[in-house]
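Written out below as structure tokens is the structure these notes cover.
The values are calculated or read from the model by the stated rules, or taken from the named source; none is laboratory data. The shown structure was predicted, so the numbers you read here are calculated from the model rather than taken from an experiment. Every residue, glycine among them, receives a Cβ derived from its backbone with ideal geometry; neighbour counts consider all protein chains shown. Heads up: the accessible areas ignore ligands, DNA and RNA and are worked out on the full protein's heavy atoms, side chains in. Shrake-Rupley method; radii C 1.70, N 1.55, O 1.52, S 1.80 Å.
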Amino acid sequence: MTEQEEDIDMIPKESSLVPEHVAIIMDGNGRWAEARGEARHAGHRAGVSCVRSTVEECLSRGVKALTLFAFSSENWRRPESEVNFLMDLFLSALQREVKRMQTNDIRLRVIGDVAAFPDKLQKRIRDTEHATQGNDRLLLQVAANYGGRWDITQAARRLASAVRTGDLMPTDIDEKVFARATMLNDLPDPDLFIRTGGEMRISNFMLWHCAYTELYFTPVLWPDFLAPEFVKALDEYAKRQRRFGQISAQIEQTD
Ligand code: IPE
Ligand code: IPE
Ligand code: MG
């Protein structure tokens, strides 16, 4: 196979009506709370129930992987009290939800530089990942202290080390090998990217992986993003034609 053919081999052969992997930037919690005259914290707390409803909808629709952006590598720049609140919220949500994950056959994986988190939270993450590792109905990935550039950089570092130890030749590094060194490893790229909260930007989310992802932006604030809003995004996805460089006629032929 030539290098070009190998690259093309990475492209999904058929697009399905249900995305296999959905990635979401859950934005707008602060504005939701402020609009009600409440502290920003209230918005973060309210957002947790939307995580639950989105997960349930993924289970019932057969989505296989859901990646949620919970805390970016840039969010450390927020006021300390908000950062601490988010850490506590993550810890208590993990504690509270582990049973539900077991019952629903959900595997939890946290992607990001978790070493920067308080020890208690790191332990809770490890324990929850371990407890749910055998579950395979839905992979729930929480991106925490995650940045797309960080992910690409850590992949480059990993590959450079493998080259130095002689386990890899520089010429072995192709897109597949590189992708495997990112946090997503063998997981397929997101089919559908959703950003709530009205901002039209990627904010350093999965930069490598969203190369051909379908993008969906909605002004709805995350705490209002309940099942009907998620269904709208899924319906919109089902109407998209994914061409991966081809022309419509070629896609229609294979339909
Ligand atoms: C997203 O909501 C949640 C996190 C970044 C943790 P925001 O807190 O960014 O809410 P807005 O954008 O200020 O409304
Ligand atoms: C992106 O939201 C990060 C998360 C949702 C975790 P932000 O609200 O931090 O994004 P920017 O900084 O406004 O782009
Ligand atoms: Mg925001």
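Its Cα centre serving as origin, region 138-255 has a Cβ charge dipole (Lys and Arg +1, Asp and Glu -1) of approximately 380 debye.
Residue by residue, region 231-247 carries 3J(HN,Hα) couplings of 4, 4, 5, 5, 5, 4, 4, 5, 8, 6, 9, 8, 9, 6, x, 7, 9 Hz when phi is fed to the Karplus relation 6.51 cos²θ - 1.76 cosθ + 1.60 (θ = phi - 60°); x denotes Gly or Pro.
Relative to one another, the C-alpha centroids of region 120-198 and region 16-39 are positioned 23 Å apart. Only protein heavy atoms count here; on that basis, with a 1.4 Å probe, Met183 has an accessible area of about 30 Å².
Taking the Cα centre of region 154-241 as the origin and placing charges on Cβ (Lys, Arg +1; Asp, Glu -1), which of Pro190, Ile173, Pro219 is farthest toward the positive end of the dipole? Checking the options against the dipole of region 154-241, the answer is Ile173. Accessible area per residue was computed with a 1.4 Å probe on protein heavy atoms; Asp136 scores about 110 Å².
Accessible surface ranking for Ser81, Ser73, 1.4 angstrom probe, highest first: Ser81, Ser73. Scanning residues 5 or more positions from Thr67 or on other chains, those with amide H under 5 Å from its amide H are Val22, Ala23, Ile24, Gln141, with H placed 1.01 Å from N in the peptide plane. For region 102-112, backbone phi angles converted through the Karplus equation (6.51, -1.76, 1.60; θ = phi - 60°) give residue-by-residue couplings of 5, 4, 9, 6, 9, 9, 9, 9, 9, 10, x Hz, Gly and Pro being listed as x. Computed from phi, the 3J(HN,Hα) profile of region 134-139 under the Karplus parametrisation 6.51, -1.76, 1.60 (θ = phi - 60°) reads x, 7, 9, 7, 9, 9 Hz, with x in place of Gly and Pro.
Is the chain rounded, prolate or oblate when judged by the Cα gyration tensor, a ≥ b ≥ c being the square roots of its eigenvalues, rounded requiring a/c under 1.5 and prolate requiring a/b larger than b/c? Because a/c hits 1.5 or more and a/b fails to exceed b/c, the chain counts as oblate.
Near Phe117, no amide H atom lies under 5 Å from its own; only residues 5 or more places off or on other chains count, and H is placed 1.01 Å from N. Report, in deg cm²/dmol and to the nearest 500, the calculated mean residue ellipticity at 222 nm for the chain, where each DSSP H run with n ≥ 4 adds -39500 (n - 2.57) and the sum is divided by the residue count. Roughly -14500 deg cm²/dmol at 222 nm, from the helical runs in the chain.
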